[in-house]
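A.B. asks: My questions all concern the structure below.
The values are calculated or read from the model by the stated rules, or taken from the named source; none is laboratory data. On a predicted model such as this, the values are computed, not experimentally measured, just so you know. Cβ coordinates were reconstructed from backbone atoms using ideal geometry, including for glycine residues, and neighbour counts include every protein chain displayed. These area figures cover heavy atoms from the full protein model, side chains too; ligands, DNA and RNA do not enter into them. Shrake-Rupley method; radii C 1.70, N 1.55, O 1.52, S 1.80 Å.
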Amino acid sequence: MAQHLEGDWLELSTAGGRLIRVLKAAHPRARRLRLTVTPKGARVTYPHGTHPAQVSAFLRSHAEWLELKLDELNLMVKPLPPLRLGYPCTFPLRGELVELDWAEGSYPKIESHAEGLTLVIPRPHTRALPIARGLLASHLEAQIRRDVSRWMAGYVPQLGLAPTSLRIRPMKSLWGSLDTRDRINLDLALALAPPAALRYVLAHELCHLKVRNHSPRFWTQVENLFPDWREQRAWLRQQGAVLKAELDRLIGDVAD
């Protein structure tokens, strides 16, 4: 595959004849090269002073992943309607479609019931929509933490290792990560997925405590911890773009 630099863009020609344009940008706080994919396109960021050849080599090494992510985003046929104050809507929660409606109350809160969720917001309130988004984000995070704490009780003794902490936040292109301090990050959008998909991502990141790469040894470790990982990885590849768009609609702009 070949590539050439053109202005602020890098064009990557794949072995299959596909031409991919990637926005390139030096970042003052970047410590490493990073590739992200969103509905707006692909972007590679890198520390100041990085040689262009290093950027090109990095992109070539991630070409397969890049094509996969772009193909996932193509599943999104039309943009989702925005979240509007006072207007009911539906959204996925733990893999099930639920109702989101609104009510007035003396203080902001979120109520969970059999049909879905009710956002209770005082009126008039100048910041009602940001408050509603914050309530949703907190509720989704609580759902993930509840599941993760239950599963960790079984996984940690099996592995003989534990992460130092857990952070749950919106992520543009990733589902999870393990940093150099053994801290696990999980995408908040996983609260919208079936619990099995969240469980796969958790098992995946936990296994990186033992194996930091994606070698056959790593996947054997994942198989031992979560045998259904292939099915859940395939599900996330097929539905992931929609989930991330749903989260963006519910809580606003996201960033890795």
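A.B. asks: May I ask you to list pairs of residues, at least six apart or on different chains, whose Cβ atoms are under 6 Å apart, with the first in the stretch 232-243 being touching a residue at least 12 places away in the same chain (Cβ under 8 Å) and the second being in a helix (DSSP H, G or I) and among the small types (Gly, Ala, Ser)?
C.D. replies: Gln232/Ala196; Gln232/Ala197; Trp235/Ala197; Leu236/Ala197; Leu243/Ala189
A.B. asks: For residues that are farther than 19 Å from Thr50 by Cβ and not polar (S, T, N, Q), scanning just the stretch 1-20, find the one that is modelled with the highest pLDDT.
C.D. replies: Here the residue is Ile20.
A.B. asks: If Pro227 passes every condition in (1) closer than 19 Å to Asp147 by Cα; (2) in contact (Cβ under 8 Å) with a residue 60 or more places away in the chain; (3) exposed (fewer than 14 other Cβ atoms within 10 Å of the Cβ) but one, which one does it miss?
C.D. replies: (2)
A.B. asks: Out of curiosity, is Ile131 modelled with pLDDT under 95 and not in a loop (DSSP other than H, G, I, E, B)?
C.D. replies: In short, yes.
A.B. asks: If the Cβ limit is 6 Å and pairs must be 6+ apart or interchain, which residue in the stretch 119-135 that is without any contact (Cβ under 8 Å) to a residue 60 or more places away in the chain and open to solvent by less than 30 Å² (accessible area, probe 1.4 Å) pairs with which residue that is part of a loop (DSSP other than H, G, I, E, B) and not hydrophobic (A, V, I, L, M, F, W, C)?
C.D. replies: Within 6 Å, the pairs are Val120/Gly105; Ile121/Pro108.
A.B. asks: How do the pairs read when you match residues in the stretch 25-37 that are open to solvent by less than 100 Å² (accessible area, probe 1.4 Å) and at pLDDT 85 or above with residues anywhere that are part of a strand (DSSP E or B) and among the basic types (Lys, Arg), using Cβ under 8 Å and keeping only pairs 6 or more apart or on different chains?
C.D. replies: Pairs found: Ala25/Arg43; Leu35/Arg43; Thr36/Arg43.
A.B. asks: Additional query: State whether the residues of the stretch 168-177 include one that is surrounded by 17 or more Cβ atoms within 10 Å (Cβ to Cβ), part of a strand (DSSP E or B) and at pLDDT 95 or above.
C.D. replies: Yes.
A.B. asks: Quick one: Ala153 ticks every box in (1) small (Gly, Ala, Ser); (2) open to solvent by 40 Å² or more (accessible area, probe 1.4 Å); (3) within 20 Å of the chain's Cα centre (by Cα) bar one, so which box is it?
C.D. replies: Status for Ala153: all satisfied but (3).
A.B. asks: Let me ask you something else. Given the conditions (1) touching a helix residue (DSSP H, G or I) at 6+ places or on another chain (Cβ under 6 Å); (2) within 30 Å of Ile131 (Cα to Cα), and given that Val242 satisfies all but one, which numbered condition is not satisfied?
C.D. replies: With (1) touching a helix residue (DSSP H, G or I) at 6+ places or on another chain (Cβ under 6 Å); (2) within 30 Å of Ile131 (Cα to Cα) applied to Val242, the lone miss is (1).
A.B. asks: Moving to a separate point now. Testing Ser165 on (1) under 30 Å from Leu66 (Cα atoms); (2) crowded, with 17+ Cβ neighbours inside 10 Å, one condition comes back false. Which one is that?
C.D. replies: It is condition (2) that Ser165 fails.
A.B. asks: Would you point out the residue of the stretch 53-85, among those that are farther than 21 Å from Leu33 by Cβ and at pLDDT 80 or above, that is most open to solvent (accessible area, probe 1.4 Å)?
C.D. replies: By that ranking, first place goes to Arg84.
A.B. asks: For residues that are surrounded by 16 or more Cβ atoms within 10 Å (Cβ to Cβ), assigned to a helix (DSSP H, G or I) and at pLDDT below 95, tally how many sit in the stretch 178-218.
C.D. replies: Residues in the stretch 178-218 being surrounded by 16 or more Cβ atoms within 10 Å (Cβ to Cβ), assigned to a helix (DSSP H, G or I) and at pLDDT below 95: 1 in total.
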